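Peer 1: Before I ask anything, let me first share the structure, which is written out below as structure tokens.
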Amino acid sequence: MQPSLTDLVHEWHDFFLLVGTASATLVGLMFVAASIGAQVFTEKNREGMRAFISPTVVHFGAALFICMAATIPSQTWLISGVALLLGGGAGVIYSARVWVQLFVRRSFTVDVVDRLFYALFPVVGYLLVMASAVLVLERSPWSLDALAAALITLLFAGIRNAWDMTMWIVIRVPVSGAEKEDQS
């Protein structure tokens, strides 16, 4: 006999709780990093901010909402599958927009590693969400394994991108008192 979705999700509860908590914390830390680097975000850097900070927050937010939805006790196979399919599709479309900013418009210089982590890995993560949605609709016990792979991919890309942005901000934010020391 096939296990119910509630039984399957129950086994994954701690995983979803951990990933959801990490995602929520990282969204909060992104706001802190953006606040610290507020003086760097000028009109000149607007395109970069749209291409880098916003997508990272979106990917962390997607992981958070997927984890929240997965822990709803009264979910059904159909509703979960459709929600994951729609969410994964929206994520692919959003990531494709970032891809266009990085590869087509090229309004700023981005190296290959950044292109992989800001554009390609999130697309892979959202495609995995869509694959898990299909598996959920088929009532496969492997559906949550695919969803876990999607969440890990989105979280991994987001953590790397958050670190990259933090280093970019740190390099560009002037240190108070540094000008006085330079003038002495």
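Peer 1: Determine the pairs where a residue that is within 16 Å of L84 (Cβ to Cβ), located within the stretch 2-15, has a partner that is modelled with pLDDT of 90 or more and not polar (S, T, N, Q) with Cβ atoms under 6 Å apart, the partner being 6 or more residues away or on another chain.
Peer 2: Close Cβ pairs (under 6 Å, with a partner that is modelled with pLDDT of 90 or more and not polar (S, T, N, Q)) amount to L5/W77; L8/L144; V9/A70; W12/L144.
Peer 1: For L155, work out the one condition from (1) modelled with pLDDT under 95; (2) assigned to a helix (DSSP H, G or I) it doesn't fulfil.
Peer 2: Status for L155: all satisfied but (1).
Peer 1: Give the residue, chosen from A34, A51, A63, that is crowded, with 17+ Cβ neighbours inside 10 Å, in a helix (DSSP H, G or I) and modelled with pLDDT of 95 or more.
Peer 2: Details: A34 fails: modelled with pLDDT of 95 or more; A51 fails: modelled with pLDDT of 95 or more.
Matching residue, one of A34, A51, A63: A63.
Peer 1: Considering V98, V124, which residue is part of a helix (DSSP H, G or I), surrounded by 13 or more Cβ atoms within 10 Å (Cβ to Cβ) and modelled with pLDDT of 95 or more?
Peer 2: None of the other options fit; the residue is V124.
Peer 1: Output the number of residues of the stretch 129-158 satisfying the condition of being buried (at least 17 other Cβ atoms within 10 Å of the Cβ) and within 13 Å of the chain's Cα centre (by Cα).
Peer 2: So the answer is 8.
Peer 1: Ok, one more. State which residue pairs qualify: first residue within 20 Å of G89 (Cα to Cα) and inside the stretch 133-144, second residue part of a loop (DSSP other than H, G, I, E, B) in any location, beta carbons under 7 Å apart, and separation of 6 or more residues or different chains.
Peer 2: L135/W142; R139/Q2
Peer 1: Then there's this: Could you go through the stretch 132-144 and let me know if any residue there is modelled with pLDDT under 85 and either in a loop (DSSP other than H, G, I, E, B) or touching a helix residue (DSSP H, G or I) at 6+ places or on another chain (Cβ under 9 Å) (or both).
Peer 2: No - not one qualifying residue is present in the stretch 132-144.
Peer 1: Say whether the condition of being surrounded by 14 or more Cβ atoms within 10 Å (Cβ to Cβ), assigned to a helix (DSSP H, G or I), under 14 Å from the mean Cα position of the chain (by Cα) and touching a residue at least 12 places away in the same chain (Cβ under 8 Å) is met by at least one residue in the stretch 69-85.
Peer 2: no
The values are calculated or read from the model by the stated rules, or taken from the named source; none is laboratory data. Just so you know, these numbers come straight off a predicted model, no measurement behind them. Cβ sites come from the backbone with ideal geometry, for glycine too, and all protein chains shown count toward neighbours.
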